[in-house]
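Here it is, the structure, as structure tokens.
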Amino acid sequence: MKKTGLRTLTAEHLVDYGELSAQSLPKLNSVVVASFFREESLYSFESVIKEYGRNNDRETTIVLGRPKRIVKVQRRFFYRVPVETRTTYRPLMAGFPGEEKIPAKIVNISEGGMLIATNGRISEGSLITVMVPAGHDAEAMEVCAEVLQVTDDFNAKQETTVARLRFDGSDRVMLADEHRKQLVTYLFEQQRLMLQARRLLNTAKKRS
């Protein structure tokens with residue numbers, strides 16, 4: 001705990017659940033997997049919910065049992081979540097997005113950018129707008145992105161262009177605070193689902 005500086009967590013800090021209710025919170029003594037940011041790193045640990053309370057700001061607080069270990073998952077900015085979902089992008093022309101929406105598939109995504117595969121035209125060094133999944137429901141939002149690298153994938157069933165995009169962290173592109181918050185919420189939700197699936201798989205292996 002001392003190495004991470006972790007002292008107090010609130011339900012709102014763990015993940016933005018919006019309006020919390022007694023029905024939406026896990027029961028006492030439930031085993032949970034929690035993730036949190038410390039500086040530029042993402043950490044995860046497994047613990048048990050001991051009790052709930054309220055702080056002076058009326059936030060829901062969670063008392064967790066001391067975890068046996070805290071795992072450093074990856075640096076926050078470069079934490080990539082593998083996904084397979086459809087998206088569209090539009091090349092910027094004279095600072096404005098074109099009318100044509102070019103289909104693509106997201107390969108992975110992080111807070112700072114993502115990798116897409118497309119059969120459409122896309123140029124290295126150009127600027128585009130791209131639809132990015134966000135929030136708990138993965139509702140798409142449109143952000144500006146810089147095309148960092150373009151390569152051809154000839155091993156695919158059909159010739160595909162793979163493009164590495166950046167939509168934050170440079171003088172050309174920068175996420176709005178609200179967009180960043182929604183994207184981080186999506187990444188947390190995807191990580192939670194992956195950890196949950198991994199835990200269920202491990203449980204099934206032990207029983208077999």
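Go through the residues of the range 90-107 one by one and say whether even a single one is of a type in the set (Lys, Arg), in the same structural domain as Arg166 (by TED's automatic domain parsing) and touching a Pro at 6+ places or on another chain (Cβ under 7 Å).
Looking through the range 90-107, at least one residue is of a type in the set (Lys, Arg), in the same structural domain as Arg166 (by TED's automatic domain parsing) and touching a Pro at 6+ places or on another chain (Cβ under 7 Å).
Also, I was wondering about something else. Here are the criteria: (1) at pLDDT below 80; (2) under 27 Å from Ala117 (Cα atoms); (3) of a type in the set (Gly, Ala, Ser). Tell me which single one Gly98 does not satisfy.
It is condition (1) that Gly98 fails.
Output the number of residues of the range 154-175 satisfying the condition of being modelled with pLDDT under 90 and either surrounded by 12 or more Cβ atoms within 10 Å (Cβ to Cβ) or within 14 Å of Arg121 (Cα to Cα) (or both).
So the answer is 6.
Moving to a separate point now. Are there any pairs with C-beta distances below 6 angstrom linking a residue in the range 158-177 that is within 15 Å of Val147 (Cβ to Cβ) and without any contact (Cβ under 8 Å) to a residue 60 or more places away in the chain to a residue that is buried (at least 18 other Cβ atoms within 10 Å of the Cβ) and of a type in the set (S, T, N, Q), with the two at least 6 apart or on different chains, and if so which?
Hits for this filter: Thr161/Thr118.
Would you check if Met114 is in the same structural domain as Arg166 (by TED's automatic domain parsing), surrounded by fewer than 20 Cβ atoms within 10 Å (Cβ to Cβ) and among the aliphatic types (A, V, I, L, M)?
In short, no.
Moving to a separate point now. Regarding Ser24, is this residue among the small types (Gly, Ala, Ser), surrounded by 15 or more Cβ atoms within 10 Å (Cβ to Cβ) and at pLDDT below 65?
Considered against the rule, which asks whether it is among the small types (Gly, Ala, Ser), surrounded by 15 or more Cβ atoms within 10 Å (Cβ to Cβ) and at pLDDT below 65, Ser24 comes out as no.
Could you tell me how many of the residues in the range 174-208 are part of a helix (DSSP H, G or I) and under 16 Å from the mean Cα position of the chain (by Cα)?
Qualifying residue count for the region: 20.
I need every pair where a residue in the range 47-67 that is within 18 Å of Arg192 (Cβ to Cβ) has its Cβ under 8 Å from the Cβ of a residue that is surrounded by 12 or more Cβ atoms within 10 Å (Cβ to Cβ) and of a type in the set (S, T, N, Q), sequence separation at least 6 or different chains.
If the second residue must be surrounded by 12 or more Cβ atoms within 10 Å (Cβ to Cβ) and of a type in the set (S, T, N, Q), the pairs left are Thr60/Thr10; Ile62/Thr10; Leu64/Ser47; Pro67/Ser47.
The values are calculated or read from the model by the stated rules, or taken from the named source; none is laboratory data. Only a predicted model underlies this, so the values are computations on that prediction, with no experimental measurement involved. All Cβ positions, even for glycine, are placed from backbone atoms using ideal geometry, and neighbour counts span all protein chains on display.
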